[in-house]
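*Asks:* Handing you a structure now.
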Amino acid sequence: MLKNLSINKKLFLGFGLLIVILIAILSLNCYLATKSKNKAEYTKEEAVRFAMYAKDMKLYVVQVQQWLTDISATRAMEGFDDGFAEAKNNADEFKKLLGEFRAYYSEKGLTEQLKNIESLDKSFDEYYAMGEKMAHVYIEEGPEKGNVWMEQFDPYAAKIGDSIDIFVNDNVDNMINSLDNIVTSSKSVVFINIVVGMSVLLFGLVVAYLISNGIISGIKLVIFRLRDIAQGEGDLTSRIELNSQDELGQLAKWFNVFVERIENVIIKVKGTSMELHQVTREISESAQRISEGAQQQAAS
């Protein structure tokens, strides 16, 4: 098939394939870069943000317990009576961030995470309600009865503490996994670029070799035959065997036609020379016979 193509078309085909491959590589790079960009944006906008939210929620849980414990210890003495307000502020902040998680999970359709959020919300409500009751008992009925409520409050605090720790760890792990994915994607892009780049280079070298070798070998063959003829050592009966329809094939074809015509001319010249030689010999013989006849007549 390639033998029927012109040199121009062969070059166009070979380098055209390289251009197509390069375009494909650029498209692949754009796709991988976009994918990495999306992962980076997700990590920045979601994974990291929600990991920080989870850590803040843990702090708010601790702060609620701290403020309720402080007001229980001071029994809401003047100057130390802001414990309930501060505890509520932290509880509100906790609820606000919990709402962010609820909205995000609902948007993404993450039903399992939504169940965990609802369970965490319920545990926090129980924890906060029990903490307020404990603080009121300390203030209104004294440490003796307050200590009883403290013992009841501790399991709620432990439960919400364990739940929030798991919640924080899950979100931090998600953030770490997202960062790992970015690193993995970046490494994949580099590896793919190296492999594809080397493949394109190898393919380009093969294409260049095949095209140039086809051109140069044909040119060398024609040069060899021309040199033989120019130096007077060429065999005019031999022909250039170049099975190609490109420009070199046309060159070989017309070179063969040219040599064939030269051969025919030489054959004709050779034939004419032989005829002239024959005529010359016949004339010489006739002249000799005439001379001999003249000599005989003179002798008689």
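The values are calculated or read from the model by the stated rules, or taken from the named source; none is laboratory data. Bear in mind the structure is a predicted one, so any value in this text is a computation, not a measurement. With ideal geometry, Cβ positions are generated from the backbone for all residues, glycine too; neighbour counts draw on all protein chains shown.
*Asks:* Could you tell me whether any residue of region 112-124 is closer than 24 Å to Met175 by Cβ and not in a helix (DSSP H, G or I)?
*Replies:* no
*Asks:* Filter region 81-130 down to the residues that are over 22 Å from Trp149 (Cβ atoms) and among the hydroxyl-bearing types (Ser, Thr, Tyr), then identify the one that is surrounded by the fewest Cβ atoms within 10 Å (Cβ to Cβ).
*Replies:* Thr111
*Asks:* Scan region 179-216 for residues that are more than 30 Å from Arg49 (Cβ to Cβ) and surrounded by 14 or more Cβ atoms within 10 Å (Cβ to Cβ) and report the count. Full working, then the answer.
*Replies:* Of the residues in region 179-216, the ones more than 30 Å from Arg49 (Cβ to Cβ) are 191-216.
Keeping just the survivors that are surrounded by 14 or more Cβ atoms within 10 Å (Cβ to Cβ) gives 192-193, 196, 200, 203-204, 207-208, 211, 214-215.
The total comes to 11.
*Asks:* Within region 209-220, is even one residue out of contact with any strand residue (DSSP E or B) (no Cβ under 9 Å at 6 or more places or on another chain), among the β-branched types (Val, Ile, Thr) and more than 30 Å from Leu17 (Cβ to Cβ)?
*Replies:* So far as region 209-220 goes, no, none of its residues is out of contact with any strand residue (DSSP E or B) (no Cβ under 9 Å at 6 or more places or on another chain), among the β-branched types (Val, Ile, Thr) and more than 30 Å from Leu17 (Cβ to Cβ).
*Asks:* Among the candidates Val48, Val61, which residue alone is farther than 22 Å from Glu141 by Cα, surrounded by 15 or more Cβ atoms within 10 Å (Cβ to Cβ) and modelled with pLDDT under 85?
*Replies:* Unique residue meeting the criteria: Val48.
*Asks:* Also: Is it the case that region 81-88 has a residue that's of a type outside the set (Lys, Arg), at pLDDT below 85 and not in a helix (DSSP H, G or I)?
*Replies:* For region 81-88, residues of a type outside the set (Lys, Arg), at pLDDT below 85 and not in a helix (DSSP H, G or I): present.
*Asks:* Restrict the check to region 237-253 and report whether at least one residue is surrounded by 11 or more Cβ atoms within 10 Å (Cβ to Cβ), among the polar types (S, T, N, Q), touching a helix residue (DSSP H, G or I) at 6+ places or on another chain (Cβ under 9 Å) and modelled with pLDDT of 75 or more.
*Replies:* No, there is no match, as no residue in region 237-253 is surrounded by 11 or more Cβ atoms within 10 Å (Cβ to Cβ), among the polar types (S, T, N, Q), touching a helix residue (DSSP H, G or I) at 6+ places or on another chain (Cβ under 9 Å) and modelled with pLDDT of 75 or more.
*Asks:* Just checking, which of Asp173, Asp165 is closer than 24 Å to Ala54 by Cα, of a type in the set (D, E, K, R) and in contact (Cβ under 8 Å) with a residue 24 or more places away in the chain?
*Replies:* Asp165
*Asks:* Does region 126-162 hold any residues that are out of contact with any helix residue (DSSP H, G or I) (no Cβ under 8 Å at 6 or more places or on another chain) and within 17 Å of Asn90 (Cβ to Cβ), and which are they?
*Replies:* Ala129
*Asks:* Which of the following residues is surrounded by 13 or more Cβ atoms within 10 Å (Cβ to Cβ), polar (S, T, N, Q) and under 20 Å from Lys58 (Cβ atoms): Asn169, Asn174, Asn147?
*Replies:* The unique qualifying residue is Asn174.
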